[in-house]
1. So what are the ³J(HN,Hα) numbers for the stretch 42-53, from phi and the Karplus equation (6.51, -1.76, 1.60; θ = phi - 60°), rounded to whole Hz, Gly and Pro as x?
2. In nm, to one decimal, how far is the V83 label point from the T49 one, both placed 7 Å along Cα→Cβ?
3. Report the label-to-label distance for K62 and V22 in nanometres (one decimal), using points 7 Å from each Cα along the Cα→Cβ vector.
4. Modelling each spin label as a point 7 Å along the Cα-to-Cβ direction, I'd like the S93/Y106 distance in nm, to one decimal.
5. By how many nm would the segment from A72 to I150 grow when fully extended, if each residue of separation counts as 0.36 nm and the alpha-carbon distance is taken off?
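Please treat every number below as a calculation from the coordinates, not as lab data. From a predicted model like this one, the values you see are computed outputs, not experimental measurements. Please note: Cβ atoms are built from the backbone with ideal geometry, for glycine as well, and neighbour counts cover all protein chains shown.
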Amino acid sequence: MNNMEKIKKFLSGEALQIIIAVVIIATGVFLLAKPGTSLVTICYILGVTSLIKGVTALLKTKFQSDNKTVAASGVGFIVAGVVLFLHPKFLLSIIPVIIGVCILGYGIFSFVTNRKKGLMGKILSAVSVIIGITVIITPFKFAEAVTAIIGIALIAVGVLIILAEVNARKQIRIQIPDNDSNGYQEVDFTDVED
């Protein structure tokens with residue numbers, strides 16, 4: 001087996017899944033441990049990615065097509081990339097405020113429309129109003145809390161991927177018809193080399 005075949009086998013097998021799971025877990029730990037820093041880092045990464053996408057779109061229009069829509073999207077991506085890169089904290093504070101206003105608006109609307117729905121409807125409306133106001137007052141803390149929750153979820157997903165791969169490796173079996181007993185016999189292929 002030559003090196004390319006080994007690399008291809010590695011990239012298509014469970015080893016790649018384990019590597020992806022470890023990267024997911026590491027990302028989750030980073031998001032959980034440093035939510036504020038990781039949000040800014042994500043903004044920088046998105047900014048650079050947007051800049052690359054924008055420049056690529058502009059180059060594409062110059063060399064491949066004369067499509068004005070592609071050129072406009074390229075300019076849009078470049079502007080978005082510059083804004084994301086130069087003002088990440090401003091953007092991180094504005095998005096939670098918009099979410100907070102939406103939650104607050106929902107709470108007020110729900111309270112007004114659910115007057116006849118009973119005590120539970122009023123309690124849920126009041127909770128929505130309180131959450132909305134809290135998010136508006138402390139937008140960066142809200143963003144950090146959401147980031148920490150995403151970190152926990154990523155850690156769980158990574159662990160589940162590893163457990164699934166380990167379990168799949170233990171359970172690789174195939175059922176072959178057994179003519180003697182009209183049943184099936186299990187054949188274990190976990191120790192078989194390619």
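1. 4, 4, 4, 4, 5, x, 5, 4, 5, 4, 4, 4
2. With each label placed 7 Å out from Cα toward Cβ, I get 1.7 nm.
3. Taking the two extended label points, one gets 4.1 nm.
4. Those two pseudo-labels are separated by 2.5 nm.
5. That works out to 24.8 nm of additional length.
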